[in-house]
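Heads up: the structure comes next, in structure tokens.
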Ligand SMILES: Cc1cc2nc3c(=O)[nH]c(=O)nc-3n(C[C@H](O)[C@H](O)[C@H](O)COP(=O)(O)O)c2cc1C
């Protein structure tokens, strides 16, 4: 079914935003039925994670060469290190009280602050943690043991016998609870599964690199096998990406484990009343699933062919080209940057510098060790520059092959960037708005429907990197949704045949926000359910 690519293309077409779709929508938010942002098991015990964990100091985002970050001497694989990785990816950094309740904001952004992404760990015995399959609760800062024993071999098998999973002490797995985000974004929320997991991945990757840990991101796996291992509820939640961390640092070869018995533990209901089903989500999810190790291996091998298609593209539509000018900057420690991060709610319309823009663009060229991209990428980066010193206002393409920006259009009114972002004035005020785009058809033709997951997910990682790189330089950022076809039309003819995946605006905030805090282990279940 993965090869029947009509599913991905139809889904994408049907979930596009346009002026008409927005103005004719009669969707309303049922606040009484708003999903809970935390998953609590009712009959399985949880254990507290250590809160005296090391913090990531080295800010790899601002470093020019990050291909060989060596392990600092004090990096020890134990439950404290795991706690740090989990906290700086998705821990609670701010508590905000509103008349209608409390919001628990997190290390990474999330569309609509709905937090559909859950984290699981499949680990060998490490100091402070027995081998097992665990669920991470960021609110209580606890782990719930779902299975005892070392499941890394089975996980590796599910990922087409991936050696890296066996060589790593643990793998962090990101999953999505569909209803959490569908409550607001309906069928389009399937795109958000990958956006929201991509931005968490950007934080996880930066944190792991800061500790000198090698990490890989794996999108090719037998869905059913992984979902069952994690005790997920079928057609309500599903796995997105496997991230083995600390490659090469496992202390023992995993032994053959028994196939896990099917078991879905009871949880505190996510919503008070009925969850609305969006069949388009599950239709595409099933159609993009891989069903055997063999299928996984074939799929992973076919990725190289997509890159050939992209390399063959040639566009001569630029008016002018200028090399970017990145400069090494001395930034605060990564931990401070992640605590400082929050989506900017108002930009000041003050300009950013060309060097700051260059540093952000340069940070997006760094390799992501994964089964889907390494040094290459499926995503093209376009942007509208409203206020950047030393470059003309206009529309640009970032040519990653030669680190240049190609001017595509001049005389672009700043209202255009806001209009394309669903008429949100925030993105007219931004100094620059990035639009991540891709040519979906050849990608899904080669990779099947699963290629769609990959494009959305890589865009999510890029969005997360833009946030971190912007905050490292004292600039604010916010992700955005967009009018799909209007973005393509605006950047055409250069972007003809390409589809927008994600947008992100950056600029100088119009206010000073307080940094977040490490709020690990500060809340009880009843605090979080209030
Ligand atoms: C992919 C993505 C798209 C987003 N889209 C919008 C948007 O269209 N408009 C907006 O105001 N904020 C948008 N946001 C910001 C979220 O609302 C914000 O991340 C969330 O409220 C959590 O707050 P925080 O980022 O300050 O932690 C987006 C964030 C992401 C990651």
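Summary table below
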{"item": "Failed condition for residue 421, given (1) closer than 24 Å to residue 359 by Cβ; (2) surrounded by fewer than 24 Cβ atoms within 10 Å (Cβ to Cβ)", "result": "(2)"}
{"item": "Residue match in the range 509-525 (condition: assigned to a helix (DSSP H, G or I) and in contact (Cβ under 8 Å) with a residue 24 or more places away in the chain)", "result": "yes"}
{"item": "Top-ranked residue of the range 477-497 - restricted to ones that are more than 14 Å from the ligand (Cβ to nearest atom) and part of a loop (DSSP other than H, G, I, E, B), ranked as surrounded by the most Cβ atoms within 10 Å (Cβ to Cβ)", "result": "495"}
{"item": "Matching helices (runs of 4 or more DSSP H) fully within the range 345-463 where at least 2 residues are within 16 Å of the ligand (Cβ to nearest atom) and in the same structural domain as residue 325 (by TED's automatic domain parsing)", "result": "415-420, 426-429"}
{"item": "Residue satisfying all of: in the range 174-194; in contact with a helix residue (DSSP H, G or I) (Cβ under 7 Å, 6 or more places away or on another chain) and part of a strand (DSSP E or B); farthest from residue 75 (Cα to Cα) among these", "result": "176"}
{"item": "Meets criteria (within 16 Å of the ligand (Cβ to nearest atom), modelled with pLDDT of 95 or more and assigned by TED's automatic domain parsing to the domain that holds residue 203) for residue 121", "result": "no"}
{"item": "Selection status of residue 148, more than 14 Å from the ligand (Cβ to nearest atom), within 24 Å of residue 49 (Cα to Cα), without any contact (Cβ under 8 Å) to a residue 60 or more places away in the chain and surrounded by fewer than 23 Cβ atoms within 10 Å (Cβ to Cβ)", "result": "yes"}
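The values are calculated or read from the model by the stated rules, or taken from the named source; none is laboratory data. Predicted, not measured: the structure shown is a model, and the values here were computed from it. Here Cβ is always computed from backbone atoms with ideal geometry, including for glycine, and neighbour counts include all displayed protein chains.
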